[in-house]
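Undergrad: So that we are looking at the same thing, I have put the structure below in structure tokens.
The values are calculated or read from the model by the stated rules, or taken from the named source; none is laboratory data. Worth saying up front: this structure is predicted, and the values here are computed from it rather than measured. Here Cβ is always computed from backbone atoms with ideal geometry, including for glycine, and neighbour counts include all displayed protein chains.
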Amino acid sequence: MVTTRIDPERVLRGPSRGRETRGTRVFGAFNTVFLILLCALMLYPFITVLAQSFSSPGAINAGQVSFWPVGFNTDTYAAVMQNETFWRNYGNTVLYTVTGTAIAMVLTTTYAFVLSKPHLKGRKVLIGIAVFTMFFNGGLVPNYVLISSLGMKNTMWAIVLPGAISVFNLLVMKSFFESLPKELEEAAQIDGLGWYGIFGRIVLPLSKAVIATMILFYSVAFWNDWFAAFLYLDKTELFPVTLFLRNLIAGASTTASEGAAAAGTTTALVSSNIQAVTMILTVIPILCIYPFVQRFFVTGVMLGSVKG
């Protein structure tokens, strides 16, 4: 009888990976350099805009600003932050983002939970309807006519309702719900919980990672959206801050002249500085929120997209 001696330490270490080859080291070095350059390429525009926001208008128009402010100046920040229209539009963006994300999460989670049940009658039809809208839509003019005929033009609902359900997010969340152990729901049903209790007390607490990821997706989409407001809103007091920024860049805002008066320069010189300041103030909330949610990002997407 032949016996095999098992080394516990070798079992704990796992399978041997072997010696690292020269080709592996070269690939690792190339991959590292490539990713560093890619990150630098993506960070360059933001760093440049941040430097321009603290630079003098003359230095910006002379092309002297790259990574570091030239002619340090905070007068433009003071001019923009004293602009009532900017803060009103900023508040509108916060309202649209919070309301739209809340509505989107309620609709997406409930719809995805229903679609994750194989015994649901008409399930394939409901999935087909959702997927169809992912590839086909009525077009710009029919959407405008629909929003206007529903009486939602010049209201918040024209911004938050049309984008309430993202089919991509819906399918990711559906796949995640399908991957949850069915035994949990069966045990909850034995204990007397109904479907609402199972959804609220069992499913949602186990879905924190994918829910956090979907909140991030929806909030960024609503925060950055300006085109819907451009189509459906005519009143300046209802504009989101992104539309304010778009009008500023397009030269359709009086903020440049106000900043020029505060800084004592011409409008042509100060406009680029005003744009940079407005961009920085617009992206600050997302930059502050993203690090806290980003740790759920990979986990949530992978859990929802790969069914085990």
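Undergrad: What are the pairs, 6+ residues apart or on separate chains, where a residue within the range 104-123 that is touching a residue at least 40 places away in the same chain (Cβ under 8 Å) has its Cβ under 7 Å from a residue that is of a type in the set (K, R)?
TA: Partner pairs satisfying both residue conditions: A112/K174; L115/R123; L115/K174; S116/K174.
Undergrad: Does at least one position in the range 205-215 carry a residue that is in contact (Cβ under 8 Å) with a residue 40 or more places away in the chain, under 26 Å from the mean Cα position of the chain (by Cα) and closer than 30 Å to Q275 by Cα?
TA: So far as the range 205-215 goes, yes, one or more of its residues are in contact (Cβ under 8 Å) with a residue 40 or more places away in the chain, under 26 Å from the mean Cα position of the chain (by Cα) and closer than 30 Å to Q275 by Cα.
Undergrad: Please list, ordered by first then second residue, the pairs with beta carbon atoms under 6 Å, 6 or more apart or interchain, first in the range 283-300 and in a helix (DSSP H, G or I), second among the polar types (S, T, N, Q) and modelled with pLDDT of 65 or more.
TA: F296/T213; F297/T213; G300/T213
Undergrad: For the range 112-208, which helices (runs of 4 or more DSSP H) that fit wholly inside it have 2 or more residues that are among the hydroxyl-bearing types (S, T, Y)?
TA: 140-149, 167-179
Undergrad: Here is a follow-up. If W226 meets every condition in (1) without any contact (Cβ under 8 Å) to a residue 24 or more places away in the chain; (2) loosely packed, with under 14 Cβ neighbours inside 10 Å; (3) not charged (D, E, K, R) apart from one, which number is that one?
TA: (2)
Undergrad: For the range 21-43, indicate whether the set of residues that are part of a helix (DSSP H, G or I), at pLDDT 85 or above and either among the basic types (K, R) or in contact with a Phe, Trp or Tyr (Cβ under 9 Å, 6 or more places away or on another chain) (or both) is non-empty.
TA: Within the range 21-43, one or more residues are part of a helix (DSSP H, G or I), at pLDDT 85 or above and either among the basic types (K, R) or in contact with a Phe, Trp or Tyr (Cβ under 9 Å, 6 or more places away or on another chain) (or both).
Undergrad: Is the range 49-68 home to any residue that is in a loop (DSSP other than H, G, I, E, B) and closer than 30 Å to G194 by Cα?
TA: No, the range 49-68 contains no residue that is in a loop (DSSP other than H, G, I, E, B) and closer than 30 Å to G194 by Cα.
Undergrad: G63 fails exactly one of the following numbered conditions: (1) modelled with pLDDT of 85 or more; (2) over 22 Å from T282 (Cβ atoms). What is the number of that condition?
TA: Going through the list (1) modelled with pLDDT of 85 or more; (2) over 22 Å from T282 (Cβ atoms), G63 breaks only (1).
Undergrad: Can you name every residue in the range 39-61 that is closer than 22 Å to V80 by Cβ and hydrophobic (A, V, I, L, M, F, W, C)?
TA: Once the filter is applied, which keeps residues that are closer than 22 Å to V80 by Cβ and hydrophobic (A, V, I, L, M, F, W, C), the range 39-61 yields F46, I47, V49, L50, A51, F54, A59, I60.
Undergrad: Looking at S116, is it modelled with pLDDT of 85 or more and exposed (fewer than 14 other Cβ atoms within 10 Å of the Cβ)?
TA: In short, no.
Undergrad: Select from the range 69-108 the residues that are surrounded by 14 or more Cβ atoms within 10 Å (Cβ to Cβ), outside any helix (DSSP H, G or I) and within 30 Å of the chain's Cα centre (by Cα) and list them in ascending order.
TA: Result: P69, N83.
Undergrad: Please determine whether any residue of the range 266-274 is of a type in the set (A, V, I, L, M, F, W, C), assigned to a helix (DSSP H, G or I), at pLDDT 70 or above and surrounded by 14 or more Cβ atoms within 10 Å (Cβ to Cβ).
TA: The answer is yes; a qualifying residue exists.
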